[in-house]
Amino acid sequence: MELAPSEEFDFKRGKGDVLLIACGALAREIVALIELNGWTHLDVTCLPAKWHNTPQFIPDGVRKKIQEAKGNYTKIYCVYADCGTGGLLDKVLEEEGVERIAGPHCYSFFSGNDVFAEREDADMRAFFLTDYLARHFDKLIWQGLGLDRHPELLSDYFGNYEKLVFFAQVPDEKLQILARDAAKKLGLAYEYRETGFGDLATFMSAAEPA
Amino acid sequence: MSEEDDLDLNSLDDDELVQQMHDDLYDGLKEEIIEAVNILLARKWTPYDVLTKALVEGMRIVGIDFRDGILFVPEVLLAANAMKGGMVLLRPLLAETGAPRVGKMVIGTVKGDIHDIGKNLVGMMMEGAGFDVIDLGINNPVENYLEAIEEHQPDILGMSALLTTTMPYMKVVIDTLKEKGMRDDYVVLVGGAPLNEEFADAIGADAYCRDAAVAVETAKDFMARKHNQLASA
């Protein structure tokens, strides 16, 4: 897909008539795509990115957002993958009549779900970072798992991993340094893959009003 | 803590010491747990009593506070590592003294999945509850489960998965057991963060276990039913 930059459109919340309910970890990428493509019909609302570590909160959180938004938008889309909800998010979305982006998690749809599935065996022992996770590694992963207080738990968490793969949405030297540092901290080999926005861009381009 | 504040575990009577062990497990203090286990053994406690009254009961409290959102995964891992320290001492003694055995379980993380924190906790708590546990580790194809079942003849098969993409493999294992006419010979328990009861029902498992404490209680229930059935047969 062509992602032509536009300097004429600065996204402002509350303007579009199609709502994307998204994980906060995707906010930056979603806004970037809206602005790049001039998708003025899209609005975005996000749920806490920290639910990455507690996906049991996602289905009810998404349902609440949908119910609050109904009537104010012509169409609502969900920009969560299954994200560890084990099908419970899909159940909510089916009941609410809302479509979501396909895939098991954001690493997959950023890579392209087909590409990710093909590499599943080769990547079985890989720990993944996206731009967001690289940017917030210390807070979300290192501190989130208690490794700042208890580094002795590192092998409990990461003993079966071999490499850290950084899926970069936008090439950024600083983020690459952060991701490489994260790999070093976790004692894992480092691999860099530039994915772009993958299936997220395709999904958003098809998010049309009803 | 300064040296002056260090508690001399030897100065505590048995009840106080067991209470202190519950607190030390809660705080993940492995060295203190090892020391206390040695003290109780020196006081002629049976390994079985040390295990059940001190360690398992302490972990039960940890499990309740984890379930209620008071403790989180790091704290549970620290507590588990402390219990492991005690188990290293007790395991050979339990075998020597012929402590009561409740049943046997084969457990493993399914193919394509390397996550084992939950599985390890379940294995440890099952062992503490008197089950013989055969841990197959991670990334197990159906063949591994079948071989282990044949070799060890367990009462219970436990499967774990953390990923949405790997949890469907549990159905492959259960369907294979059905094809071989073995499904009803074993209780199949499943667990893992993205699972739920609906999924367990859909794939034909006997039960979904939300956490290690639930796994132990569920396993014990199934074993009790089995014994009742045998008794009334």
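Data overview
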{"item": "Test result for B:GLU75, part of a helix (DSSP H, G or I), among the acidic types (Asp, Glu), more than 15 Å from B:GLY191 (Cβ to Cβ) and within 11 Å of chain A (Cβ to nearest Cβ)", "result": "yes"}
{"item": "Qualifying residue in the range A:148-165 (condition: exposed (fewer than 14 other Cβ atoms within 10 Å of the Cβ) and hydroxyl-bearing (Ser, Thr, Tyr))", "result": "yes"}
{"item": "Residues being at the interface with chain B (Cβ under 8 Å from one of its Cβ atoms) and in a helix (DSSP H, G or I) - total across the range A:153-173", "result": "3"}
{"item": "Pairs where the first residue, in the range B:213-233, is over 15 Å from B:VAL133 (Cβ atoms) and open to solvent by 50 Å² or more (accessible area, probe 1.4 Å) and the second is not hydrophobic (A, V, I, L, M, F, W, C) and not in a helix (DSSP H, G or I), C-beta under 7 Å, 6+ apart", "result": "B:LYS226/B:ASP155"}
{"item": "Inter-residue pairs, beta-carbon under 7 Å, first open to solvent by 30 Å² or more (accessible area, probe 1.4 Å) and in the range B:166-192, second assigned to a helix (DSSP H, G or I), 6+ apart", "result": "B:LYS171/B:ILE203; B:VAL172/B:VAL142"}
{"item": "Whichever residue in the range B:78-115 is in a loop (DSSP other than H, G, I, E, B) and at pLDDT 95 or above and, among such residues, is nearest to B:ALA42 (Cα to Cα)", "result": "B:HIS115"}
{"item": "Which listed residue, of B:ASP65, B:ASP23, B:ASP15, is away from chain A (no Cβ under 14 Å), open to solvent by less than 50 Å² (accessible area, probe 1.4 Å), of a type in the set (Asp, Glu) and part of a helix (DSSP H, G or I)", "result": "B:ASP65"}
{"item": "Residue list for the range A:42-53, filter: open to solvent by less than 40 Å² (accessible area, probe 1.4 Å) and in contact with a Gly (Cβ under 9 Å, 6 or more places away or on another chain)", "result": "A:LEU42, A:ASP43, A:VAL44, A:LEU47, A:ALA49"}
{"item": "Flag if A:LEU140 is surrounded by fewer than 20 Cβ atoms within 10 Å (Cβ to Cβ) and either closer than 16 Å to A:ALA179 by Cβ or in the same structural domain as A:ILE30 (by TED's automatic domain parsing) (or both)", "result": "yes"}
{"item": "The listed residue being among the acidic types (Asp, Glu), within 14 Å of chain B (Cβ to nearest Cβ) and surrounded by 21 or more Cβ atoms within 10 Å (Cβ to Cβ), out of A:ASP90, A:ASP82, A:ASP60", "result": "A:ASP82"}
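The values are calculated or read from the model by the stated rules, or taken from the named source; none is laboratory data. No experiment lies behind these values; they were computed from the predicted model shown. Glycine gets a Cβ as well: all are built from the backbone with ideal geometry, and neighbour counts include every protein chain shown. These area figures cover heavy atoms from the full protein model, side chains too; ligands, DNA and RNA do not enter into them. Shrake-Rupley method; radii C 1.70, N 1.55, O 1.52, S 1.80 Å.
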